[in-house]
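Q: The structure under discussion is supplied below as structure tokens; questions concerning it will follow.
The values are calculated or read from the model by the stated rules, or taken from the named source; none is laboratory data. No experiment lies behind these values; they were computed from the predicted model shown. Ideal geometry is used to build each Cβ from the backbone, glycine not excepted, and the neighbour counts take in all protein chains shown.
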Amino acid sequence: MSATDVTPQGAPRGGVRPVLEVDDVKVHFGGVKAVDGITMQLLPGMIHGIIGPNGSGKSTLIGAITRLTRLTSGRLLFDGEEYQTAPASVVARKRVSRTFQTVRLLPDLTVRENIQLGADARSDDTTGSPISRLIGKRVSPAVAEAIERTELGGFEDFYPSELSYGTQRRVEIARAIATGPRLLLLDEPTAGMNQQERAEISALMRTLRSDGLCQLLVEHDVQMMIDTCDHVYAMNFGRLIAEGDPREVVRSPQVQEAYLGRKWRDHA
Ligand SMILES: Nc1ncnc2c1ncn2[C@@H]1O[C@H](COP(=O)(O)OP(=O)(O)OP(=O)(O)O)[C@@H](O)[C@H]1O
Ligand SMILES: [Mg+2]
């Protein structure tokens with residue numbers, strides 16, 4: 001099988017137990033087949049990517065994985081355990097963390113407090129509980145670490161409206177990291193960022209990978225995908241059209257035809 005063929009349903013990759021298995025998942029909205037039979041396996045310590053044109057179903061798939069969007073059919077397995085009917089709160093407790101395509105920070109909370117919300121979702125970390133925040137600015141280790149990793153030191157007491165768009169996005173990533181994720185899903189985290197900021201996010205993801213974290217990145221920036229991902233899935237009209245090595249996927253005729261055009265070919 002060539003690197004850009006779609007893996008047959010349920011076939012293991014490399015004998016490693018996946019963190020997440022998506023098995024023939026469909027999400028239909030009336031007649032719109034937003035996700036139409038996606039099968040993928042996300043492995044520990046790997047950065048996976050999804051590319052695909054606007055409206056191809058990338059965000060809907062992330063919604064399904066996090067159980068914020070109802071599946072029409074198919075199975076989801078985390079650590080080998082099915083959870084496709086579990087509520088989103090249960091999925092969050094499994095430490096499946098995500099960022100959204102549009103910034104979703106709480107405007108009345110500071111950077112530190114927004115990130116603390118992520119740490120509060122951890123059952124084993126109560127150092128920075130809401131009460132302790134009221135009686136003193138005790139910062140939980142998870143928050144301090146997330147701030148350091150995302151280089152947000154100095155911004156802790158700022159409110160989101162006082163930050164550039166790129167910095168707001170970093171706060172979101174910090175909040176997701178503060179949950180101590182087992183699986184991190186990033187939906188276009190670098191939208192609105194400049195080249196330098198994108199490179200920083202890519203470097204951060206690679207550091208998290210070296211700690212063994214399983215990640216899924218949705219991104220339109222081909223260079224970022226090539227620089228960051230180990231394995232890329234290409235979607236079109238809710239279906240997988242290619243998967244494998246990022247450079248090969250980007251160059252594959254089906255992806256070129258579906259989506260990318262000359263601009264991507266030149267980059268690849
Ligand atoms: N709640 C919904 N109700 C009806 N249709 C929806 C809903 N959410 C998404 N869709 C449709 O599903 C399809 C896939 O949308 P989705 O947002 O998943 O695409 P995407 O690949 O993330 O696109 P983009 O690159 O623009 O973010 C689109 O046709 C969209 O209009
Ligand atoms: Mg999207």
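Q: Can you tell me which residues in region 46-64 are on the phi < 0 side of the Ramachandran plot and within 13 Å of ligand 2 (Cβ to nearest atom)?
A: Within region 46-64, I50, I51, P53, N54, S56, K58, S59, T60, L61, I62, G63, A64 meet the criteria.
Q: What helices (runs of 4 or more DSSP H), lying completely within region 186-267, carry at least 2 residues that are more than 23 Å from E172 (Cα to Cα)?
A: 246-251, 261-267
Q: Also, quick follow-up: (1) touching a helix residue (DSSP H, G or I) at 6+ places or on another chain (Cβ under 6 Å); (2) more than 16 Å from ligand 1 (Cβ to nearest atom); (3) at pLDDT 90 or above: which one isn't true of L204, the others all being true?
A: (1)
Q: Right, another one. Do you know which residues across region 219-237 are within 13 Å of ligand 1 (Cβ to nearest atom) and surrounded by fewer than 23 Cβ atoms within 10 Å (Cβ to Cβ)?
A: Residues satisfying the conditions are H220, D221, N236, F237.
Q: Every residue in region 96-111 that is in a loop (DSSP other than H, G, I, E, B), hydroxyl-bearing (S, T, Y) and within 16 Å of ligand 2 (Cβ to nearest atom), please.
A: Our first condition is that a residue be in a loop (DSSP other than H, G, I, E, B); within region 96-111, this holds for 100-110.
Okay, now just the ones that are also hydroxyl-bearing (S, T, Y), so 102, 110.
Residue satisfying the conditions is T102 alone.
Q: Further question on the same structure: Among strands (runs of 3 or more DSSP E) lying entirely in region 13-95, which contain 3 or more residues that are within 18 Å of the chain's Cα centre (by Cα) and within 16 Å of ligand 1 (Cβ to nearest atom)?
A: Strands (runs of 3 or more DSSP E) meeting the threshold: 32-42, 47-51.
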